[in-house]
Amino acid sequence: MALMPRSPQAAAVVADSLAAPAAAQPVEASATRRTRLWLCLHDPDLQGMQHDRLLQQLFAFTPVVARDPDGDALLLEVAGSLRLFGGLGRLCARIQALPAYAHASLAVAPTARAALWLARAGDCRPVRDPAQLPAALSRLAVAVTGWPQAALSLLSGTGIRTLGECLRLPRHGLARRIGRRCLLELDQALGHATWLPEPQRPCWRFHESSELPDAAADGSLLLPAAMRLLDRLVSGLRKRHAAVEVLWWRLCQPGGADERVRIALACPGQDRALLGELVALRFSTLRLAAPVQVLELLAQPVPLAPAAGTDLLGDLPETGGPRAALLQRLSARFGADAVHGLASQPHWQPEAAWQAVGLAPGRRVPSAPPAPAGPQPLWLLPEPRRLSAAPGSGGLRLGHGPRRLETGWWAGENVRRDYYAAIAPDGRRLWVFQDLRDTHWYLHGLFG
C-alpha cells in the first residue's frame, strides 16, 4: 500500500495497484508478431540538402523513416499507414508526387532488406506476401546486395549471377565462401532474421510568435493569440505525423523582460481539442507580473507512435486513453508539481515506504514494500503527533493490534513501536502507536 502524508496544499495523486504482480504467463509468438511492410526509395544521385528535405517530407506518411547505412536509400515502414491513405497504390502516388522525390526508384516488400535490394534493382513490382519473397529475390543480380567486392568476385568466378543461384547452394559452404555476415543479410531479406534500420527523428522545430494588438494584463486575454499559434502547430504536426510532449510559451513584455510557461503532456499527442483545453486551463490561472505584448510558442516535435490497431468497431483507439488526458488537465490546472504518482519503497518504516514520482509515461514501480501484517491507512500525518492522553483515559478505544515494528537499529534509528487501529469518541478510525522507548502514544494516520 502506498502511504502519503496529508498536506494543506492542493495536490492530485495517481496510484496504480501496488500489489505484487502475478506470475508471468506465456505469450504465443503469433500474439506479438506484427506484419510489417517496408517501402524503399533509392536514388544514388539524391544527396545533401535534397536528400534531407525528402526525408523530412516522408514523416507526413509514417513515423518510421530510416536511412540505408550506405546512404543511397530511404526506408519507410508503412503497414500502419495504408488505411489512412487509402491503400498502397494511393500512398505510393502521394510519395511520388513530393517535390523532392526526383527520380528515385520505389519498391515494396515485407522486409526492409528485401525492399532495399528490389529498389536498387529498379524492380517496382510490390511484394506484400512474405511467401513471395524467395521468388521475387531470386531474379535479382547478386550485385544489388552491396556485399564486399571479394565475395562478389568469388561468386562471379564460380558462375553465380543471381540471388536465386545463391539460394540453391548449401548454406554451410556458402557461409564459408562469402562470410556469415552476407548469409545473415540474405536471411534478413527472406524474413528468416530481423533487420530494423535505425529510425530517424524529424528535425522540424516549431517556433512562431504573435504580436497582440494591445498589451494584455490578464492570462485569459492571451487565449485568442495562443489558439492561433496552436492551429499552426497542429497543422505542422499532422503533415509530419508528429506529436509534442512539451509546449513552451514565452510571454514578452514591453520592457524587454519575459515570462516562460511550460505545459507538459503525460504522453505525446497532437489532438487540437485537448491541447487547446490544456492551454486554456493553464492561462486562466496565470498571474502576470506585467502586461504582455508578444506571445511565442516553441515546441520540439517527436514521431507519433503508430496506432496499435483498431477496436472491434474498426475505430482507432484513443492515444494515451482517458487517464492520460485527465492527468494532463490536472497538471495544466494545478501545475506539474501538484500532480504526481506514488512509488512504493522496500522499507518497513511506514513514513519511508513511499516516494512521490513524476508521471513519466510507461513508468513502473521498481519494487514493492513488505506487505503489512495488519490494517494500515493510506493517509499518514507529516509527522507522528503525540497524544495528550493514553488510550482508555482519553476516550480513545483500541481495536486491532498490537502490530510490533522494530527496525532501523542498524542505522542508529532504533525504531520500536506497537501499532493499533483505534476509534476516537467522534467515530473516526485512527492509526496510533506506542513508542516502546519512552511509552508515549502517538497518532500516525487516519483510515478513510
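The values are calculated or read from the model by the stated rules, or taken from the named source; none is laboratory data. The structure presented is a predicted model; accordingly, all values stated were derived computationally and were not measured. All Cβ positions, even for glycine, are placed from backbone atoms using ideal geometry, and neighbour counts span all protein chains on display.
Can we say GLY276 is within 18 Å of ARG232 (Cβ to Cβ) and either outside any loop (DSSP other than H, G, I, E, B) or in the same structural domain as GLU211 (by TED's automatic domain parsing) (or both)? Spell out the reasoning first.
Numbers: within 18 Å of ARG232 (Cβ to Cβ): yes; either outside any loop (DSSP other than H, G, I, E, B) or in the same structural domain as GLU211 (by TED's automatic domain parsing) (or both): yes.
Here the answer is yes, as GLY276 does meet what is asked.
Residue under question is SER235, and the condition is that it be over 30 Å from GLN200 (Cα atoms) and hydroxyl-bearing (Ser, Thr, Tyr); does it hold? Talk me through it step by step, then tell me what you get.
Values: over 30 Å from GLN200 (Cα atoms): no; hydroxyl-bearing (Ser, Thr, Tyr): yes.
Here the answer is no, as SER235 does not meet what is asked.
Are any of the residues in the stretch 123-131 in contact (Cβ under 8 Å) with a residue 24 or more places away in the chain, surrounded by fewer than 22 Cβ atoms within 10 Å (Cβ to Cβ) and of a type outside the set (D, E, K, R)?
Narrowing the stretch 123-131 to residues in contact (Cβ under 8 Å) with a residue 24 or more places away in the chain: 126, 128, 130.
Applying the additional criterion that residues be surrounded by fewer than 22 Cβ atoms within 10 Å (Cβ to Cβ) yields 126, 128, 130.
From the residues that got through so far, the ones that are of a type outside the set (D, E, K, R) too are 126, 130.
Yes, the stretch 123-131 contains a residue that is in contact (Cβ under 8 Å) with a residue 24 or more places away in the chain, surrounded by fewer than 22 Cβ atoms within 10 Å (Cβ to Cβ) and of a type outside the set (D, E, K, R).
Being in contact with a Leu (Cβ under 9 Å, 6 or more places away or on another chain) and at pLDDT below 90 is the filter here; which residues of the stretch 222-237 pass it?
If the condition is that a residue be in contact with a Leu (Cβ under 9 Å, 6 or more places away or on another chain) and at pLDDT below 90, then LEU237 is the only one that fits.
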